[in-house]
1. Being surrounded by 13 or more Cβ atoms within 10 Å (Cβ to Cβ) and out of contact with any strand residue (DSSP E or B) (no Cβ under 6 Å at 6 or more places or on another chain), is that true of even one residue in the stretch 5-23?
2. Return the total of residues in the stretch 24-65 being surrounded by 12 or more Cβ atoms within 10 Å (Cβ to Cβ) and of a type in the set (Asp, Glu).
3. Consider the stretch 1-40. How many of its residues are of a type outside the set (Gly, Ala, Ser) and not in a helix (DSSP H, G or I)?
4. Within the stretch 3-27, work out how many residues are in contact (Cβ under 8 Å) with a residue 12 or more places away in the chain and more than 30 Å from Ser41 (Cα to Cα).
Amino acid sequence: MSRAAAPPRRRSLGAIFVMPALIGLLSLIGLVSALAGDGFSDVLSWAGLAMPLIAIVWARARRRQ
């Protein structure tokens, strides 16, 4: 016997777009810091530009559960 699906939750626009906006902001910071300097800026740029990839891996792993 199958269970009935729960009704979809209503979420505000802020709740929907907060993570994509945060990922975009971190990517922008990574791009700007890659152009701005060397040393710590390189580390910051790698971290900022890795965030979208980390988010994709996290979302795929969560979806498979």
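1. Scanning the stretch 5-23 turns up at least one residue that is surrounded by 13 or more Cβ atoms within 10 Å (Cβ to Cβ) and out of contact with any strand residue (DSSP E or B) (no Cβ under 6 Å at 6 or more places or on another chain).
2. Looking only at that region, the number is 1.
3. Here the count works out to 8.
4. The total comes to 0.
Coordinate-derived values only; no laboratory data. Since we're looking at a predicted model, the values are computed, not measured. Please note: Cβ atoms are built from the backbone with ideal geometry, for glycine as well, and neighbour counts cover all protein chains shown.
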